[in-house]
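Peer 1: Here it is, the structure in full.
No lab work stands behind these numbers, since they all come straight from the coordinates. Every value quoted in this text rests on a predicted model; they were computed, and no experiment measured them. Every residue, glycine among them, receives a Cβ derived from its backbone with ideal geometry; neighbour counts consider all protein chains shown.
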Amino acid sequence: MQIGVIKLDVNTKVINMDVLIPEQIVKNKDDSYTIFLNARLSREKQLEAYLHALQHIEDGDFEKEDVDYVELSAHNML
């Protein structure tokens with residue numbers, strides 16, 4: 001038994017996006033997720049964006065309705 005381990009089914013794709021968008025997350029029909037990382041960012045910024053996206057997934061943010069609250073919470077601004 002493993003304690004404190006969350007198993008996530010996550011696909012990752014690196015694509016060109018507007019420079020103001022570090023990542024985008026899509027919940028797929030099979031309850032997996034796809035994280036799209038911006039190819040125009042440095043590897044360091046892509047890693048930050050990836051970890052940010054994973055946190056949204058782990059926190060169950062796709063089940064929440066208030067997007068503003070989700071983002072404020074994700075950035076520790078509450």
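Peer 1: Around Gln46, under 14 Å between beta carbons, what's the net of Lys plus Arg minus Asp minus Glu among the other residues?
Peer 2: It works out to a net charge of +1.
Peer 1: Run the quick spin-label model on Lys45 and Ile25: label points 7 Å from Cα toward the beta carbon, then report their separation in nm to one decimal.
Peer 2: 2.1 nm
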